[in-house]
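One structure is given here, and the rest of the page talks about it.
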Amino acid sequence: MALPQYIKVSQGLARSEQYAGEVDPQQLLRLRLELAGPSQGMQVSLGLVRDAIGNWLRGELRGSLDLQCSRCEAVFAWPLKVDVDLRLVRSEAEAKQVLQDADPYQVDDDRLPLVEVVEDEVLLALPMLPRCQACEQAAADAPEPAPAVKAKKPNPFAQLKKELK
């Protein structure tokens with residue numbers, strides 16, 4: 001089942017709607033630029049929740065994305081598991097107000113771009129420098145570099161002090 005592109009937040013909150021489906025990473029233009037090739041579909045399970053604190057979009061994203069190792073340049077399957085917990089806000093002022101307690105997402109005109117939110121969350125979860133398992137293990141097994149020994153430098157003001165006496 002495909003995920004809807006947009007949802008009406010007020011209606012979804014009134015019904016506590018749940019959204020589940022598969023999203024093809026190749027259909028997400030910004031994400032596609034980060035991938036090393038065609039990847040499997042991502043499983044998405046999200047729901048709108050209203051509680052005493054506010055309105056939320058909560059759920060989970062799962063799948064596997066093909067990334068290129070930044071070290072050996074091999075293509076590898078990177079396991080994706082992202083927990084989504086976004087506080088839905090109506091204004092920038094409200095977003096600033098809740099920023100310390102939650103990750104805000106500003107909803108304009110009661111429309112939430114659900115697929116765009118999924119893409120944003122996946123992009124935020126991607127590693128900055130992806131490494132395959134072999135390179136990750138090699139990095140973990142590498143010995144820690146010895147701390148550089150600082151050569152004791154003479155104080156430049158010590159010479160001046162001697163000359164002034």
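The values are calculated or read from the model by the stated rules, or taken from the named source; none is laboratory data. All values derive from a computational prediction rather than experimental measurement. With ideal geometry, Cβ positions are generated from the backbone for all residues, glycine too; neighbour counts draw on all protein chains shown.
Points to keep in mind about this one:
- With a requirement of 2 or more residues that are surrounded by 13 or more Cβ atoms within 10 Å (Cβ to Cβ) and either at pLDDT 90 or above or not hydrophobic (A, V, I, L, M, F, W, C) (or both), the helices (runs of 4 or more DSSP H) lying completely within the range 68-165 that satisfy it span 92-98, 114-125, 133-141.
- Checking each residue in the range 4-38 for being in contact (Cβ under 8 Å) with a residue 12 or more places away in the chain, within 21 Å of residue 69 (Cβ to Cβ) and part of a loop (DSSP other than H, G, I, E, B) picks out 34, 35, 36, 37, 38.
- Any pair with Cβ under 9 angstrom, 6 or more apart, that starts in the range 98-119 at a residue that is more than 24 Å from residue 27 (Cβ to Cβ) and ends at one that is exposed (fewer than 13 other Cβ atoms within 10 Å of the Cβ) and of a type in the set (A, V, I, L, M): 98/53; 101/53; 102/53
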